[in-house]
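The values are calculated or read from the model by the stated rules, or taken from the named source; none is laboratory data. Since this is a predicted model, take the numbers as computed values, not measurements. In this analysis, Cβ positions are derived from the backbone assuming ideal geometry, glycine residues included, and neighbour counts consider all displayed protein chains. Calculation scope for accessible area: heavy atoms of the full protein, side chains included, ligands and nucleic acids excluded. Shrake-Rupley method; radii C 1.70, N 1.55, O 1.52, S 1.80 Å.
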Amino acid sequence: MEAAPVIIRFEDVSKAYRNHSVLEHINLSIQKSEFITIIGSSGSGKTTLLKMINGLLTPDSGTVCINGKNIARENQNLLRRNIGYVIQGIGLFPHMTIRKNIAYVLSLSNHRNKEHIRQTTECLIQMVGLEQEMLNRYPAELSGGQRQRVGIARALAANPEILLMDEPFGAVDEITRKMLQAEITRIHQELGVTIVFITHDIREALSLGTRVIVMKDGHIEQDDSPEKIAACPKTEFVKQLIN
């Protein structure tokens, strides 16, 4: 079987803050439709790496490429329209209904057809497992898990090739978390979107990822399938994570 094309590539990327190195000589290729989970302790560089994919942070050296193009040379607004971004406590607009929160992203993508926006919004809310009547509510009227689902729907509104998720389920209870994990797995299988997912939870990393990247002190300690990470940890740090 022919390998999927590389959609994200880091080429010898380094980054430091005030002389403190956060990423050191990162080389990484992510294929289209992969579900990558990245795990590491605080300060390991995982969120910095994630933010470089959509140009929120720039490397001090090296290049980040999307579909073979150096993103430093691309229009950043156009770049981000093709990349969904979901964070913990997604930051929905409190004064807008859920329908308007989702429709806002569609309007940024130059969709002006009201019927198209209505249909797409209703399709997205169903895709994340919520009833259409939720569209007329405001964020404060929803539970944390429901708001997180809306955040995913909003991130998918522009039909992105890449979905970045920075510990999106960290603030919900365990039962809701498992439900959200099942939803994002289903969405990945249905849409084939490339997902890069940051987590502190090794169980979450191993259960969600088609590939798991373990980071420590700005380096990639291991980059492998979940099965190989669990069965054959390459360093003492990885071994401690899975035990």
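Please give the number of the condition S41 fails out of (1) polar (S, T, N, Q); (2) over 17 Å from Q148 (Cα atoms); (3) open to solvent by less than 80 Å² (accessible area, probe 1.4 Å); (4) in contact with a helix residue (DSSP H, G or I) (Cβ under 7 Å, 6 or more places away or on another chain). Only one criterion in (1) polar (S, T, N, Q); (2) over 17 Å from Q148 (Cα atoms); (3) open to solvent by less than 80 Å² (accessible area, probe 1.4 Å); (4) in contact with a helix residue (DSSP H, G or I) (Cβ under 7 Å, 6 or more places away or on another chain) is unmet by S41, namely (4). Among the conditions (1) open to solvent by 30 Å² or more (accessible area, probe 1.4 Å); (2) in contact (Cβ under 8 Å) with a residue 40 or more places away in the chain, S207 misses just one, which is (2). Among the residues of the stretch 108-115, is there at least one that is in contact (Cβ under 8 Å) with a residue 40 or more places away in the chain, open to solvent by 80 Å² or more (accessible area, probe 1.4 Å), of a type outside the set (G, A, S) and farther than 25 Å from F169 by Cβ? There is at least one residue in the stretch 108-115 that is in contact (Cβ under 8 Å) with a residue 40 or more places away in the chain, open to solvent by 80 Å² or more (accessible area, probe 1.4 Å), of a type outside the set (G, A, S) and farther than 25 Å from F169 by Cβ. Modelled with pLDDT under 95, open to solvent by 20 Å² or more (accessible area, probe 1.4 Å), over 20 Å from N54 (Cβ atoms) and of a type in the set (A, V, I, L, M): is that true of A72 in this structure? Judged against the criteria, A72 is not a match.
Just so you know, in the stretch 116-158 the residues that are within 20 Å of A182 (Cα to Cα) and in a loop (DSSP other than H, G, I, E, B) include one that is most open to solvent (accessible area, probe 1.4 Å), and it is E131. The number of residues in the stretch 159-178 that are of a type in the set (D, E), open to solvent by less than 30 Å² (accessible area, probe 1.4 Å) and either at positive phi or modelled with pLDDT of 95 or more (or both) comes to 0. When you check Q181 against the structure, is it open to solvent by less than 60 Å² (accessible area, probe 1.4 Å), without any contact (Cβ under 8 Å) to a residue 24 or more places away in the chain and in a helix (DSSP H, G or I), yes or no? For Q181, the condition - open to solvent by less than 60 Å² (accessible area, probe 1.4 Å), without any contact (Cβ under 8 Å) to a residue 24 or more places away in the chain and in a helix (DSSP H, G or I) - is not met.
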